[in-house]
Each structure stands twice: as C-alpha cells, then as structure tokens.
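The values are calculated or read from the model by the stated rules, or taken from the named source; none is laboratory data. Note that the structure is predicted; figures quoted are calculated from it, not measured. As a convention, Cβ positions derive from the backbone with ideal geometry for all residues, glycine included, and neighbour counts pool all protein chains shown. Surface areas here come from the heavy atoms of the whole protein model, side chains and all, with no ligands, DNA or RNA. Shrake-Rupley method; radii C 1.70, N 1.55, O 1.52, S 1.80 Å.
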Amino acid sequence: MSTREDETIHKLIERGITLGCAESLTGGGLAARIVNVPGVSAVFRGGVVSYATDVKESVLGVDPEQIDTTGPVDEQVALQMARGARKLLSANVALATTGVAGPGPADGQPAGTVWIAIAGTLGERAKLLQLQGNRGEIREASVTAAIQLLDEALKEAD
C-alpha cells in the first residue's frame, strides 16, 4: 500500500470511522489492501465479495429491477452495493466496486468500465472509471480509485 493510501486509512482510525466494502470485479482486493494497514482492525468491519448479480440482490439488497434495467455495471448498482454493505456490516461508511475487468466486454460494457461508490456518514457519491490495461491492472486501478474516493470524502468532511 502506498503512503497516501496508508494515510487515508489512518484518518479513519484517528476519527473512529468504521468502514466496510462491497466488491464485485475487485474480488476481495479492496479489503486485502485495507487490511495491510496496521491498526485497521479498530475500524474495518469487513467486506462482501458479490461477484454474482443474485448475491448483489440477496445479500446487499440491490434492487433486481435496477440490475434488469441497467445491468450490474451501473452507478445506482454501485451506490446500492455501498449502502447495503454499510447496513449489513454496521459500518459508518462503505465502499463499493462493480465493473468489467476483462479481457473482453461483459454485460454490454467494454473492459475497463468500472463504477466505484461510497455511502455513509461521509456522504454518497459514485464515480465512473474508464480504465486501460489487462485484467489485473484494471482491478488494481479500481482498488486504488476506491481508496482515493474515500480520501476525497474525508477531505471534504474536514
């Protein structure tokens, strides 16, 4: 983990803000990066890897009609995933990732199309990413962008 990401997680620890995550294309990579920070156990509640759409619906509470209408790679799906993780994990804030890592298109979206979202006491927002690279690079860039989204929300709360 980079120093900047480490600092972001330490801000959560200093403020006592609990964190959870809901991941699709990152497959646990976001949670893995978060738990690399010493002391994070004080605030990290856990994560849900919801790779299948029915898991997004049944575990995280994503509206099935939303997925039927837009597919799983969508702004509202990402926000609903973050809200669901926040509720399920009793966290102050949750991050979510959903998208297409590749190598080819899926769900009507080209590889590299990713939505990240944050929901909770730091507000709600989602961000569309159009990433380049191979499957691993897209997944890693998605994790980094999700942590940057958390950092931005923390800075705005200052």
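Between a first residue in region 88-113 that is more than 17 Å from residue 150 (Cα to Cα) and open to solvent by 30 Å² or more (accessible area, probe 1.4 Å) and a second residue that is assigned to a loop (DSSP other than H, G, I, E, B) and of a type in the set (Val, Ile, Thr), which pairs have beta carbons less than 6 Å apart while being 6 or more apart in sequence or on different chains? Short answer, once both residue conditions are applied: 106/100; 107/73; 109/73; 109/100; 111/100.
Scanning region 114-147 for residues that are in contact (Cβ under 8 Å) with a residue 60 or more places away in the chain and among the polar types (S, T, N, Q), we see that the one that is nearest to residue 68 (Cα to Cα) is 142.
Checking each residue in region 108-124 for being outside any loop (DSSP other than H, G, I, E, B), over 11 Å from the mean Cα position of the chain (by Cα) and not β-branched (Val, Ile, Thr) picks out 109, 120. Applying the criterion of being polar (S, T, N, Q) and more than 18 Å from residue 149 (Cα to Cα) to the residues of region 60-87, the residue that is surrounded by the fewest Cβ atoms within 10 Å (Cβ to Cβ) is 69.
Of all residues in region 128-142, those satisfying the criterion of being of a type in the set (A, V, I, L, M), touching a Ser or Thr at 6+ places or on another chain (Cβ under 8 Å) and within 14 Å of residue 26 (Cα to Cα) are 129, 131. Residues in region 11-23 that are under 23 Å from residue 62 (Cα atoms) and open to solvent by 10 Å² or more (accessible area, probe 1.4 Å): 18 only.
All of 133, 84 fail the test of being in a helix (DSSP H, G or I) and modelled with pLDDT of 95 or more, apart from 84. Does any residue of region 35-43 turn out to be open to solvent by 10 Å² or more (accessible area, probe 1.4 Å), under 15 Å from the mean Cα position of the chain (by Cα) and under 24 Å from residue 108 (Cα atoms)? Checked against the condition, which is being open to solvent by 10 Å² or more (accessible area, probe 1.4 Å), under 15 Å from the mean Cα position of the chain (by Cα) and under 24 Å from residue 108 (Cα atoms), region 35-43 yields no hits at all. Going by the conditions given, is residue 64 free of Cβ contacts under 8 Å to residues at least 40 places away in the same chain, more than 27 Å from residue 17 (Cβ to Cβ) and touching a helix residue (DSSP H, G or I) at 6+ places or on another chain (Cβ under 6 Å)? The answer is yes for residue 64.
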